[in-house]
Amino acid sequence: MSDFISASIIKKLEKPILTYKDIPYPATLIFNAGVAKYNGRYVMLFRNDYGDLENRKLYGTNIGLAFSDDGVNWEVSDKPCFTMQDDEVERAYDPRLTVIDGVCYVCFATDTKHGLRAGIASTTDFENFDIKYLSVPDNRNMVLFPEKINGLFTRLERPMPVYSRSHKDTFDIWLSQSPDLKFWGNSELVMGVEDVPFANDKIGPAAPPVRTEKGWLTTFHAVDIDYSRGKNGWEDRWQKRYTAGIALLDLEDPSKVIGIYDKPLIVADLPYENENGFRQDVIFPGGMILEDNGEVKIYYGASDTVECLATADVNELIDLCLK
Ligand code: BMA
């Protein structure tokens, strides 16, 4: 059992919003979705790892597409919309969506034969994806801010400096900027793993930030390891815990942190978030939408198995960061 609990301002639904049962093609684990509002509808790109659930084997990963009128009830398209596989790239996964000037940008992770690379693609129809950029290894968990900042595209990212840090997962959140999404610079450290009291392993960006009057509201994921908890889930060796945190970044200079809530915001503390889960005790937000009435929808993968939705009031989220 987890000794962390979700913040009391978080309201979770009674069940996941998407599971493999909702998918009209081979699907086993549905999680880590990116969500945006686009042309009057909600659009979701979700990660689908497919395999043989009964024998607990996974064969591959693609990215599925779903649309919704209310952000809660989803209609899944009849085939996956994005996949990458060739001699070099093994798969693309963990999409995060950001709309800028009418174009939907998809940040994603790839596993390649020569390391983990983050990519950025653009689309306007969710059928054709124009790949604008692939990072050098090892970088992952890239998310774009929903507008240019001081005239430049701005991203949060999580490089993995194993050799120079500790030869372990001691990873932090960084920011870079670009005039064209292709050439990136102005790199700055945003948050170190030591800034997050409930992480003892690594942190990384989660959903793309949203603009509020007080600053950029941004989720992040935080990982802690306690080997005494034992294995958790049907994967052979899973022992990490992923929780979601919340922070506020400066509007003009988002490499400056205004405040970080010192406890987890969302924890896997409901049965449906863990039951039969591949990697239990995992919460991974990939989408956040601020509605006109101040409700914030936070979409997150749970147990690397199902996609869920929680809501909170924007001012209450900001207050947590400023406490
Ligand atoms: C990370 C990524 C995520 C996943 C998380 C927990 O390394 O692979 O896609 O949700 O681990 O398993």
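For the peptides 233-240, 172-179, residues were scored by their other Cβ atoms within 10 Å and the scores averaged per peptide; the highest-first order is 172-179, 233-240. Legend: calculated FRET efficiency, Asp86 to Leu251, from the Cβ-Cβ distance at R0 = 45 Å, rounded to 0.05, equals 0.65. When the charge dipole of the chain is built from unit charges on Cβ atoms (+1 for Lys and Arg, -1 for Asp and Glu) and taken about the Cα centre, the candidate among Thr218, Asn139, Leu249 whose Cα reaches farthest toward its positive end is Asn139. Here region 1-73 is described by how far its Cα atoms reach on the three principal axes: 42, 39, 17 Å, from widest to narrowest. Across region 204-306, Cα-Cα pairs more than 22 Å apart make up 35 percent of the total. Under a model in which nothing but the beta-carbon of Lys, Arg (+1) and Asp, Glu (-1) is charged, the chain shows a dipole of about 480 debye around its Cα centre.
The slack between Leu270 and Phe183, meaning 0.36 nm per residue of separation minus the straight C-alpha distance, is 27.1 nm. Straight-line reach from Lys182: taking Cα to Cα under 18 Å and skipping same-chain neighbours fewer than 8 places apart, the lysines in range are Lys132, Lys148. Couplings 3J(HN,Hα) of region 9-24, computed from phi: 7, 8, 10, 9, 6, 7, 7, x, 8, 8, 9, 4, 5, 8, 9, x Hz, in residue order, whole Hz [Karplus 6.51 cos²θ - 1.76 cosθ + 1.60, θ = phi - 60°; x for Gly and Pro]. Shape class of the chain from the Cα gyration tensor (axes a ≥ b ≥ c, square roots of the eigenvalues): rounded, since a/c falls below 1.5. 3J(HN,Hα) couplings calculated from phi for region 294-310 with the Karplus curve 6.51 cos²θ - 1.76 cosθ + 1.60 (θ = phi - 60°) are, in sequence order, x, 7, 10, 9, 10, 9, 8, x, 10, 6, 6, 9, 9, 9, 10, 9, 10 Hz; Gly and Pro show x.
Each Lys and Arg adds +1 at its Cβ and each Asp and Glu adds -1 at its Cβ; summed about the Cα centre, region 97-251 shows a dipole of about 360 debye.
Couplings 3J(HN,Hα) of region 238-244, computed from phi: 5, 10, 7, 10, 10, 10, 9 Hz, in residue order, whole Hz [Karplus 6.51 cos²θ - 1.76 cosθ + 1.60, θ = phi - 60°; x for Gly and Pro]. Cross-link partners for Lys263 among the aspartates and glutamates, with Cα-Cα distance under 15 Å and sequence neighbours closer than 8 places in the same chain left out: Asp3, Glu194, Asp195, Asp224, Glu316, Asp319. The helix-based estimate of mean residue ellipticity at 222 nm for the chain, built from -39,500 (n - 2.57) per DSSP H run of four or more residues and divided by its residue count, is -1000 deg cm²/dmol to the nearest 500. Here Glu147 and Glu75 are evaluated by their C-beta separation; at R0 = 22 Å the FRET efficiency comes out at 0.15. A crude spin-label estimate for the pair Asp313 and Asn55, with each label 7 Å from Cα along the Cβ direction, gives 5.3 nm.
Scaled against the 2.2 N^0.38 Å expected of a compact globular protein of N residues, the Cα radius of gyration of region 56-138 reads 1.17.
Ranked by the mean number of other Cβ atoms within 10 Å of their residues, highest first, the peptides 161-170, 97-106, 28-37 come out as 28-37, 97-106, 161-170.
No lab work stands behind these numbers, since they all come straight from the coordinates. Predicted model, so just to flag it, every value in this text is computed and none were measured. All Cβ positions, even for glycine, are placed from backbone atoms using ideal geometry, and neighbour counts span all protein chains on display.
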